[in-house]
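Since the structure comes first, as structure tokens, the remarks are kept for the end.
The values are calculated or read from the model by the stated rules, or taken from the named source; none is laboratory data. Nothing here was measured: the structure is a model prediction, and the numbers come from that model. No Cβ is skipped: glycine too gets one built from the backbone with ideal geometry, and neighbour counts run over all protein chains shown. The accessibility values were calculated without ligands, DNA or RNA, using every heavy atom of the protein model including side chains. Shrake-Rupley method; radii C 1.70, N 1.55, O 1.52, S 1.80 Å.
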Amino acid sequence: MITSGTIFIVLAVIAAIIVLAVFFTFVPVMLWISALAAGVKISIFTLVGMRLRRVIPSRVVNPLIKAHKAGINVSTNQLESHYLAGGNVDRVVNALIAAERANITLPFERGAAIDLAGRDVLQAVQMSVNPKVIETPFISGVAMNGIEVKAKARITVRANIERLVGGAGEETIIARVGEGIVSTIGASQMHTDVLEHPDLISRTVLSKGLDSGTAFEILSIDIAEVDIGKNIGAILQTDQAEADKKIAQAKAEERRAMAVALEQEMVARVQEMRAKVVQSEAEVPLAMADALKSGNLGVMDYMNIQNITADTDMRGSISKISENPKDNNNNHNNN
């Protein structure tokens, strides 16, 4: 039979287990033991404080152990503040260790600032040790003789730790190198000069200090490929000639239209003058009738005018027959 004392003991054991479970869940005892074993002096209350500040202790203690083993002097407060700021503590510590091994000066504050700026600080340190090669696409330029020259360059760059925060990226490097290639090709008298001495592009571009204000240091610019494109000068001249031809055709069409309009205007004027002549001729009989009524013109005078008109018409008919003898012969043959 179970007594009240046994029940009390069971309940006490269960309560103790629950308390210990909560304690070990809230207080990272194993992590504290690992830190002590690694020689990192950190109190258990500091770990509890991290829990209260909603900081995952392992995200701070493990990088702290790693830094201590590598001889990097960083404090718990520095790592915790960087974590609370949204940074990647482990990546910053790895970058500090890599910089220490490569004899590169990188304080924790600068590494944290680079990480918070959105750049991969570990990759930047690795690029400082092992430079990166950036390859540009084919960049076209036109020499003074109008021939297009295409060049592809390989840019060897090294990360500049001092200018990683606020420095321009790879796109700016590619754009500046492309601008330098275009200007160098454009300053060449002949396209053959670029083909014979492609290193002229490298020397000219390097002398311009294109890495100013960027997060990189340009070590070398090598021209990988050079190709010949179109004859841009000839194409431009052809296009200009075609445009001039169209302009000339338009002006000629304008002059033709003006001539046609003037011709039509002259035809209209002729018709107008003929109308005036017909109108004047229509007034002649009226004037003769008035002259007969008023006695200024006699009957014999009128008959003489009629005879003269008939004689004139006859002479005109005879002249028309003499002007077209072939038509007359054809008429006789038909008869």
Of 292, 273, 260, whose Cα points farthest to the positive end of the dipole of region 230-328 (charges on the beta-carbon: +1 Lys, Arg; -1 Asp, Glu; origin at the Cα centre)? 260
Residue-normalised accessible area of the chain, given per residue in Å² at a 1.4 Å probe: 65
Using the Kirkwood radius over Cα pairs of region 193-286, the Stokes-Einstein translational diffusion coefficient at 4 °C and 1.567 mPa s, in µm²/s and rounded to a whole number, is 61
About its Cα centre, the chain carries a charge dipole, from +1 on Lys and Arg Cβ atoms and -1 on Asp and Glu Cβ atoms, whose size in debye to the nearest 20 is 2420
Expected sort for 154-163, 99-108, 274-283 on mean C-beta neighbours within 10 Å, highest first, is 154-163, 99-108, 274-283
Given a Förster distance of 56 Å, the FRET efficiency implied by the Cβ-Cβ spacing of residue 190 and residue 163, rounded to the nearest 0.05, works out to 0.90
If packing is taken as the average number of other Cβ atoms within 10 Å across a peptide's residues, how do 216-222, 84-90, 229-235, 122-128 rank, most packed first? 122-128, 216-222, 84-90, 229-235
Gain on full stretching of the segment that runs from residue 208 to residue 288 - 0.36 nm per residue minus C-alpha separation: 18.4 nm
R0 of 22 Å, Cβ-Cβ distance residue 15-residue 44: FRET efficiency to nearest 0.05: 0.45
For residue 267 paired with residue 300, estimate the spin-label separation in nm (one decimal), with each label point 7 Å from Cα along the Cα-to-Cβ line. 5.1
7 Å from Cα along Cα→Cβ at both residue 133 and residue 308: what's the point-to-point distance in nm? 11.4
Run the paramagnetic zone check for residue 104: 7 angstrom along Cα to Cβ, then residues of region 198-242 with backbone nitrogen under 20 Å. 211-221
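Round to a whole number: what % of the accessible area of region 86-161 belongs to carbon and sulfur, probe 1.4 Å?
45
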Using 7 Å Cα-to-Cβ label points, what is the residue 249/residue 237 separation (nm, one decimal)? 2.2
Highest to lowest packing among 236-245, 129-138, scored as the average C-beta count within 10 Å: 129-138, 236-245
Starting from the Cα gyration tensor of region 188-239, take the square roots of the eigenvalues, sort them a ≥ b ≥ c, and report rounded, prolate or oblate (rounded when a/c is under 1.5, otherwise prolate if a/b is larger than b/c, else oblate). prolate
Gyration tensor (alpha-carbon) shape descriptor, the chain, a/c threshold 1.5: prolate
Once you charge only the Cβ atoms, +1 for Lys and Arg and -1 for Asp and Glu, what is the size of the charge dipole of region 182-335 about its Cα centre, to the nearest 20 debye? 840
